[in-house]
Structure formats: structure tokens, C-alpha cells
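**Student:** Below you'll find the structure I mean.
The values are calculated or read from the model by the stated rules, or taken from the named source; none is laboratory data. It should be emphasised that the depicted structure is a prediction, and the values quoted were computed from it without experimental measurement. FYI the Cβ positions are ideal-geometry reconstructions off the backbone, even for glycines, and counts take in every protein chain you see.
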Amino acid sequence: MTLVLCCLAQFMVILDVSIVNVALPSIRADLDFSATGLQWVVNAYTLTFGGFLLLGGRAADLIGRREVFAGGLLLFGFASLLGGIAQSDVQLIGARAAQGLGGAVVAPATLSILTTTFTEGKERNRALGLWGAMGGVGGATGALLGGILTQTLSWRWILLINVPIGIAIAVSALAVVVRTGPRDPEARKSFDLAGALTVTAGLVVLTYGIVETDVHGWGSGRTIITIALGLALLATFAFMEGALATHPLVPLRIFKNRTVTAANLVVFCMGSAAFAMWYFLSLYLQQVLGDDPIDAGLSFVPMTLTIVATSQIASRLTGKLGAGAVLSGGMTLIALGMLGLSRVDADGSYLADVLGPSVITAAGIGFSFVPVTIAATAGVRGAEAGLASGLVNTFRQVGGSIGLALLATIATQRTTSALSGHGPEAALTEGFRSAFLVGAGFAAVGAVLAMTLLWRITTPPRRVAAETSTP
């Protein structure tokens, strides 16, 4: 039951990253978003998700995994309610940011619960395989569920549906999950809230600077100052963690574990490619091919099934071949799939232009999600399980946010320049093709990193199982 609840929660949290994609045209028309402002419906969620994941993971370690898990679910449900009744673009973006905060608490708590409930080795790999499959399925299923709800009811129900589900999982968790808490009562006071706020502010400012290049250009003083401020905030965060914080949000010693560091670099690249793929493919299907929300959602079903199948295969292969080998193959498939999507045509079709490359990309996601999670948490002490899980989720979400901002800017600029010689659909397609091509580049970099830094990494030995299974 603990595994079931963790998987359901992970499914819901990841679902909300992608469920809005098919609804974006409806949201834009209803709340009067601009073309560049629309991506903040996604990025408001992923940025607060990524920025506060570390604090969420730390909270799970220090306060108690069960209590943090249930509290995060209730916050997620309340924020979903606010988003569902939003009457303006600002209200919706604010609600999505609050959702991200709730997700930032839930996601690392689920992984922390699993890594301390199941012993390291075959048992944990199987549990993480199911957990990873739910994350991947959540990303793919979001498009289908979002399409059905948007067309049959309203886009608002993509958020309102979370309210009863979140409450039900929270209540069940309090009854089922074993209670754990800090050994030292003073540990409850060791939150690094200043660090969490600084890193989140840095990510928001950096992303905003990238997004605004569509208006002001990369060389403008405003762009340079904004991006420099974002980088300065991130550098300040690193300094605070290394020199000032009594109880740092991210003890820098964890990066001495080369496997953890390499895995997080790879998952950053994976997020940069995969998140943008959901976003642009949803827009291409509706704005270029003319699909309605349900048809667009149905187009993602083969991807969902592929992710489910490959995630399970990946958990078994990782035990035999090692996380590095499986991850290298997965990232290569993502690169090849997105390279195929970069050839979509304004007069194309789903079968000819989308089905094959999208399934290849989905297979790559399924083969990557599980081994990168296993690598990122391998050999980490039980006391820092929440930190390790927070890091891998953070790097994926931050990669997704920055990647989406960068690729959306590239796509918009390419579309604008193409309008002079093409029709609207052809110009949009040119932008989408550019975004898919750059996304393929991110995935290729991840594949190279996995091959060079993680290829020799195998499943962790059982000798550390007792240590990592201790709350």
C-alpha cells in the first residue's frame, strides 16, 4: 500500500506538468495570455517545483516523511482549487506556482519513503521501476486526460480533479505509511528557508531573462542585466550553502559522490528535452494539424504505453547491465526521436510525421527515467535520502524550465522571422522544428555524459542496504 500511494502521488504531481499542454490554446483564449506569456502556465509550476524540491526533501528527512507527504498533498489540492476558479492570467500563474510548491514537497517525500522502505538492490529497483513508470506515464497521460477534460467539460477541470484525489491520498497516507521523524528534536529548526528562496528567485529571474529575449533580444542591456542577476542569485545560493548556512539546504559534500553529480547532469539534459517535447508537440497537433483537444490527447496514448513498457524493462536491465549502460541507450533514443520530430511538416499528418519519432522519444524516456533515478540515489545514506531524491527531481524540473524557456524563445523568434515568406501554419512549424532540433541536442549531450561518466556504474552492492533502509 505504501508503494501504491507513492506511485499515485508521483503520477498526480508529474501529470500536472503536462496536463495543461493540450489545454493551452483554450486557456490562452479564456484568460487572454500572450504567446510568450503562455509558457508561464507551465513554468510557474516547474520553477517553484524545482526551486523548493530541495527544501521538500530536507523537510521529509527532518520532520517526518509521512507528515510532509500528507501536508504536501493537501497544499497541492488547495492550490489546484484556486487554479480551477482563477479569473485572470495572474491568478492562474499564482495558483500554478502554489501547486509547484505542493509538488516540491510531495515528490521527494515519495522517493524518500521508497528508498527507506525497500532495501537497496533488486527489491528497491523493482519499486523504483514502478515509481518511475508512474512519473513517465503521468507525463504522457496528462495530454490525453487534459484533452478529454478540456473538450467535454472545461480546462478548469484539469486542476479541479486534483482536489478530491489529493485529499484521498493524504488521508490514506496518514493511515498506511510508517511514521518517521528526526532523531534530534532540534533538527526541526534547521530549515534553510533563505537558501530555498534564493535559489528559486535565481531560477525565476534567469528564466524570465531568457523568455524576454523574444522582445528585447539577446544583446540588449535589459537581457544581459536580468540574466546576470539570475546567475548572481544562483552563485549567492552556492556561497550560502558552502560558507554561511549552519544547516545547508544542499550540503555540498553530496557532490563528492561522482555518480550523484553525473546522474543529475544527465537528468538536467533529459528534462530540457522531454518537457519541451510535450509542450511543442501538443501545440503542433492542435495549431498546425488542426486536432481538437481529445484527438491531440489520444495521439499521446502510444507514448504512454511505450513509457510503461520500457520503464519496466529498464528496471530489469539496470540490474543486469548497470544504470550507466541503460541510461546511455535511453538518452540516445530521446535524441534520435526528437531529431525525427524536427522534420515535421505544415502539411504533414500524425501517422507520417509524429507517431514514429514520438514513440522512439517515449522509449528513450522510459529507458532513462529509472536508471538515472537509481544512479542519483545509489549509496546515499538513509539520513540524506530526501536530499538525494530532491536533487534528482530538482535537476529534472530546472532542466525542463530552462529548456522550455530557451526553446520557446527560439521557436517564437524563428516563427516571427518565417512569417514574411510563409503562411501562419508553415511559420509555426518552422519554429517547432527549430525547438525539436535544439531539444535533440540537449538529449545528445546527456547521452555523451552518461557514456563517459556513468557507463561503468552498476547496481549498488547489497552491503549498503542496511544503512540506506534505516529511517
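**Student:** Quick check on the stretch 171-210: of everything there that is modelled with pLDDT under 70 and part of a helix (DSSP H, G or I), which residue is farthest from Ala70 (Cα to Cα)?
**Tutor:** Only one residue fits best here, namely Glu186.
**Student:** Now a separate question. Is there any pair with a first residue in the stretch 305-329 that is outside any helix (DSSP H, G or I) and a second that is of a type in the set (A, V, I, L, M) whose Cβ atoms are under 8 Å apart and which are 6 or more apart or on different chains, and what are they?
**Tutor:** Short answer, once both residue conditions are applied: Gly322/Ile457.
**Student:** Quick one: count up the residues across the stretch 255-288 that are of a type in the set (Phe, Trp, Tyr) and more than 18 Å from the chain's Cα centre (by Cα).
**Tutor:** Qualifying residue count, the stretch 255-288: 2.
**Student:** Report yes if Phe268 is over 23 Å from Thr429 (Cα atoms) and among the aromatic types (Phe, Trp, Tyr), otherwise no.
**Tutor:** Here the answer is yes, as Phe268 does meet what is asked.
**Student:** Taking the condition of being surrounded by fewer than 21 Cβ atoms within 10 Å (Cβ to Cβ) and in a helix (DSSP H, G or I), how many residues in the stretch 415-429 meet it?
**Tutor:** 7
**Student:** Tell me which residues, restricted to the stretch 277-297, are touching a helix residue (DSSP H, G or I) at 6+ places or on another chain (Cβ under 6 Å), more than 22 Å from Leu437 (Cα to Cα) and part of a helix (DSSP H, G or I).
**Tutor:** Pro293, Ile294, Gly297
**Student:** Only one of Ala104, Ala79, Ala9, Ala59 is surrounded by 20 or more Cβ atoms within 10 Å (Cβ to Cβ), touching a helix residue (DSSP H, G or I) at 6+ places or on another chain (Cβ under 8 Å), small (Gly, Ala, Ser) and more than 22 Å from Gly271 (Cβ to Cβ); which?
**Tutor:** Just one listed residue meets the conditions, Ala59.
**Student:** Here's another thing I want to ask about it. I'd like the full set of residues that are in contact with a Lys or Arg (Cβ under 8 Å, 6 or more places away or on another chain) and surrounded by fewer than 23 Cβ atoms within 10 Å (Cβ to Cβ), limited to the stretch 310-343.
**Tutor:** Passing the criteria: Gly319, Gly322, Ser342, Arg343.
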